[in-house]
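Written out below as structure tokens is the structure these notes cover.
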Amino acid sequence: MKIQAPVSKNETYTGTVMDLTYEGLGVVKVDNYSLFIANALPGEEIKFVVTKVGKSFGYGRVLEQITTSPDRAEIKAEDRKLAQAGIAPLQHMIYPAQLKFKQHQIESLLAKTKMDLTVSETIGMDMPYHYRNKAQIPVREVRGQLETGFYRQHTHDLVPLTDFYIQDTRIDKAIVIVRDILRAEGIVPYDEKTHKGIIRNVMVRQSHYEDEMMIGLITNSHTLPHAKEIVAQITESLPKVTSIIQNVNSRPTNVIMGPITNVLYGESVIHDSLLGNRFEISAQSFYQVNPVQTEKLYQLAIDRAGLTGNETVIDAYCGIGTISLAMARHAKDVYGVEVVATAVEDAKKNAKLNDLTNTHFEANKAEYQMAEWQKQGLKPDVIVVDPPRKGLDATLIESAAAMAPKKVVYVSCNPSTLVRDIQRFAEVGYHVTAPIQPVDQFPQTPHIESVTLLERD
Ligand code: SAH
């Protein structure tokens, strides 16, 4: 049966927003056909134009907001372009409503199952702006001038920006200073079409607990002209910079960093701490971007695990070992597994840096390593999982259950795979025993992070 959409492109309609998608788009129905519309909140009546028509749903754009939701936040004129850039897709919602939205997203996924589970109120931030500790900003020529900014959503058109809204303000300031230095030195910005030019991106990492900053200059060319002068000016204008690196990426790709990194000044790493452990972070290390909320998230995982110092813990998907090291202080032994080999090297190095001798790391796929540990007879008391968006492999759940830990602590960045996986855990005898707790790691965006405790029946 061919389904005919009841709307056509460029038609205008008036309607009431019924709901929000997991991406934070407003949902308006026309004859039961859903249209997804940015900057539209539940309850608001809007006039909109249809911009895209698909088989089962379409997209629209607001032409006029007829009524206003009490959840609507006022957006300053200068922040409007942030929406175009897709940096802060929820900036039009007041923060308490964003937190409710995140809780509700998990609740509505659970409502479609037979499970009757509670979701707690999302743990938010006191200051839900300027929280990111890392930026990777494209550098392009706009109207004859070197500019730093953000791509207009779904394009490669650079929108010049100086206030990035969710980045540490020290990073915002540093980007403007570096931009001015690159301009003064006549460095040619990269051009994606011709694959010519020199500077592609400026990367900045800011340590939260230590006053250290790393500046990364990502270049298309092997040499950076006037490197000496650039370094001298950066260190003079930004005295807190402890590391300047040049990363060469001469490939025509969207991947930001290339394989070669040269240290132009200071160290190749900066240092930061999480729950009392110190970490060395290189230009390419994966490191959580919201330090304040990450500590709350990890502390919650530790609390849910109920560690007393005698437990054997597995940390699957351990990255550079941030959760492993935090748990190692409260457990007998921690076994970590991570697929990216360089991250595992970082994890080992960081364990040493913190004099922790009870951690063991493997570079492997978590689903393979879990089966391996099971075969070796490892008997964990607690298994922590922190998988990427696609969630857990079904075989991992089987191996995990076969090792019969008392507890599984599931740190999730995607409620839909979380809900799928807790159903699978139920089939192998593990049930959720505490309210699911969302923690807002990414204010102003629809990303939802949460911690769930499962226990053996
Ligand atoms: N727990 C860490 C990292 C979580 S992000 C932290 O909080 O910082 C998820 C991690 O899973 C990433 O480091 C990614 O490289 C890793 N990963 C993805 N697929 C994997 C797999 N199949 N097996 C093991 N690790 C995997």
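Brief remarks on what is shown
- For segment 351-365, the criterion of being in contact with a Leu (Cβ under 8 Å, 6 or more places away or on another chain), within 13 Å of the ligand (Cβ to nearest atom) and open to solvent by less than 30 Å² (accessible area, probe 1.4 Å) is met by none of the residues.
- Within segment 314-415, strands (runs of 3 or more DSSP E) holding 2 or more residues that are touching a Pro at 6+ places or on another chain (Cβ under 8 Å): 382-385
- The number of residues in segment 43-84 that are of a type in the set (A, V, I, L, M, F, W, C) and part of a helix (DSSP H, G or I) comes to 3.
- Scanning segment 381-407 for residues that are closer than 19 Å to residue 322 by Cβ and more than 12 Å from the ligand (Cβ to nearest atom) yields 382, 383.
- Pick from segment 337-350, criterion surrounded by fewer than 18 Cβ atoms within 10 Å (Cβ to Cβ), more than 9 Å from the ligand (Cβ to nearest atom) and in contact (Cβ under 8 Å) with a residue 40 or more places away in the chain, ranking: nearest to residue 269 (Cα to Cα): 349
- Count - residues of segment 228-267 that are charged (D, E, K, R) and closer than 20 Å to residue 279 by Cα: 2
- Residue satisfying condition, being in contact with a Phe, Trp or Tyr (Cβ under 9 Å, 6 or more places away or on another chain), of a type in the set (Val, Ile, Thr) and more than 13 Å from the ligand (Cβ to nearest atom), within set 322, 312, 308: 312
- Residue in segment 189-210 that is least open to solvent (accessible area, probe 1.4 Å), counting only those that are part of a loop (DSSP other than H, G, I, E, B) and among the β-branched types (Val, Ile, Thr): 198
- Checking segment 146-166 against the condition returns a match, with at least one residue being among the charged types (D, E, K, R), at pLDDT 95 or above, open to solvent by 20 Å² or more (accessible area, probe 1.4 Å) and not in a loop (DSSP other than H, G, I, E, B).
- Residue check, residue 293 part of a loop (DSSP other than H, G, I, E, B) and either of a type in the set (Val, Ile, Thr) or within 13 Å of the ligand (Cβ to nearest atom) (or both): no
- A single entry from 395, 359, 445 fulfils the requirement of being among the polar types (S, T, N, Q) and within 20 Å of the chain's Cα centre (by Cα): 445.
- Pair list, Cβ under 7 Å, 6 or more apart: segment 404-419 residue hydrophobic (A, V, I, L, M, F, W, C), other residue within 16 Å of the ligand (Cβ to nearest atom) and open to solvent by 10 Å² or more (accessible area, probe 1.4 Å): 409/304; 411/386; 413/389; 413/447; 413/449
- Only listed residue being assigned to a strand (DSSP E or B) and not acidic (Asp, Glu), chosen from 310, 262: 262
- So residue 376, is it more than 27 Å from residue 168 (Cα to Cα), near the ligand (Cβ under 8 Å from one of its atoms) and either open to solvent by 70 Å² or more (accessible area, probe 1.4 Å) or in contact with a strand residue (DSSP E or B) (Cβ under 7 Å, 6 or more places away or on another chain) (or both): no
Listed here are the residues, each with its yes/no results for (1) surrounded by fewer than 15 Cβ atoms within 10 Å (Cβ to Cβ); (2) not hydroxyl-bearing (Ser, Thr, Tyr).
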residue	(1), (2)
235	no, no
256	no, yes
280	no, yes
285	no, no
310	yes, yes
323	no, yes
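- Residues of segment 105-145 that turn out to be assigned to a helix (DSSP H, G or I) and touching a residue at least 12 places away in the same chain (Cβ under 8 Å), as a count: 5
- Residues that are aromatic (Phe, Trp, Tyr) and open to solvent by 50 Å² or more (accessible area, probe 1.4 Å), drawn from segment 14-68: 22, 57, 59
The values are calculated or read from the model by the stated rules, or taken from the named source; none is laboratory data. If you're wondering where the values come from, they're calculated on a predicted model, not measured in any experiment. Note that we place each Cβ from the backbone using ideal geometry, even for glycine, and neighbour counts take in every protein chain shown. The area values use the complete protein model at the heavy-atom level, side chains included, leaving out ligands, DNA and RNA. Shrake-Rupley method; radii C 1.70, N 1.55, O 1.52, S 1.80 Å.
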